[in-house]
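Accompanying notes for the structure given below.
The values are calculated or read from the model by the stated rules, or taken from the named source; none is laboratory data. These numbers come from a predicted model, not from an experiment. Here the Cβ positions follow ideal geometry from the backbone for every residue, glycine too, while neighbour counts run over all protein chains shown.
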Amino acid sequence: MCPEQEPPECIDPERITEFLSQCSSSITRFGRDMVGIFAGEVEPDSIIYEVYELESIGNIRLAVTKLMPGKVGDEYYMTKGHYHEDPQSGEVYFGLKGRGLLIMQTKDGETGEIELDPGTIACIRPGWAHRSVNTGNEEFVFLAAFPREAGHDYSSIEEGGFLKRVVEVGGRPTLVPGQ
Ligand SMILES: [Fe+2]
């Protein structure tokens, strides 16, 4: 939480690092929390990403994710990814810093992706799983807004994986089949 910023009236992308330094992360995912997520073997003590939950605005939850730069083998650092438990709950992402790729899929096998640069707004439709990937050389930071009742279903992804992975091929982020 960010006690002096409840709720933040605005988040200046230019000062996002300073803003987050006033917050305490609500989730830190280390490599050891990501076993089976990457195709390769991840270093257990590496911090992969941090999530900072901000004060809710009514029934809208706000979270800032800081995804570190790095790769496991040729696969870029990424979040675990999840479906929402509530099939009616969508989500909006807003790119703040760095460069990333938002990958999405449905349980029917549809896939989609959106490049997320600072200032980009990405809409995740209800029923779509979502995972973010840091495809740049610096921290990738984005704001997420989602309904309080959304809930997080991580287990479907832990069991079934994502249909696509994002790996470096010839120095460029490239989507390849996931399994
Ligand atoms: Fe979500």
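Answer yes if at least one residue in the range 126-138 is more than 22 Å from Pro44 (Cβ to Cβ), at pLDDT 95 or above and touching a helix residue (DSSP H, G or I) at 6+ places or on another chain (Cβ under 9 Å), and no otherwise.
Going through the range 126-138, the residues more than 22 Å from Pro44 (Cβ to Cβ) turn out to be 126-130, 135-138.
Checking which are at pLDDT 95 or above leaves us with 126-130, 135-138.
With touching a helix residue (DSSP H, G or I) at 6+ places or on another chain (Cβ under 9 Å) added as a condition, the list becomes 129.
Yes, that holds for at least one residue.
How about the range 107-118: which of its residues are over 14 Å from Ala144 (Cβ atoms), assigned to a strand (DSSP E or B) and not β-branched (Val, Ile, Thr)? Before the answer, list the steps.
Going through the range 107-118, the residues over 14 Å from Ala144 (Cβ atoms) turn out to be 107-113, 115, 117-118.
Keeping just the survivors that are assigned to a strand (DSSP E or B) gives 111-113, 115.
Matches in the range 107-118: Gly112, Glu113, Glu115.
Conditions: (1) crowded, with 16+ Cβ neighbours inside 10 Å; (2) touching a residue at least 60 places away in the same chain (Cβ under 8 Å); (3) out of contact with any Leu (no Cβ under 9 Å at 6 or more places or on another chain). Met34 meets all but one. Number of the miss?
(2)
Does at least one position in the range 126-134 carry a residue that is surrounded by 14 or more Cβ atoms within 10 Å (Cβ to Cβ), away from the ligand (no atom under 14 Å from the Cβ) and under 17 Å from Gly70 (Cβ atoms)?
Initially, the range 126-134 is screened for residues surrounded by 14 or more Cβ atoms within 10 Å (Cβ to Cβ), giving 126-134.
Then drop every residue that is not away from the ligand (no atom under 14 Å from the Cβ), which leaves 133-134.
Then drop every residue that is not under 17 Å from Gly70 (Cβ atoms), which leaves 133-134.
Yes: the range 126-134 contains one or more residues that are surrounded by 14 or more Cβ atoms within 10 Å (Cβ to Cβ), away from the ligand (no atom under 14 Å from the Cβ) and under 17 Å from Gly70 (Cβ atoms).
Do you know which of the residues in the range 61-100 that are within 16 Å of the ligand (Cβ to nearest atom) and of a type in the set (A, V, I, L, M, F, W, C) is farthest from Ile48 (Cα to Cα)?
This residue is Val92.
Would the range 137-152 turn up any residue that is more than 13 Å from the ligand (Cβ to nearest atom), without any contact (Cβ under 8 Å) to a residue 24 or more places away in the chain and under 16 Å from Val72 (Cβ atoms)? Talk me through it step by step, then tell me what you get.
In the first step, residues of the range 137-152 are kept if they are more than 13 Å from the ligand (Cβ to nearest atom); the result is 137-141.
Remaining after also requiring without any contact (Cβ under 8 Å) to a residue 24 or more places away in the chain: none.
The answer is no; no qualifying residue exists.
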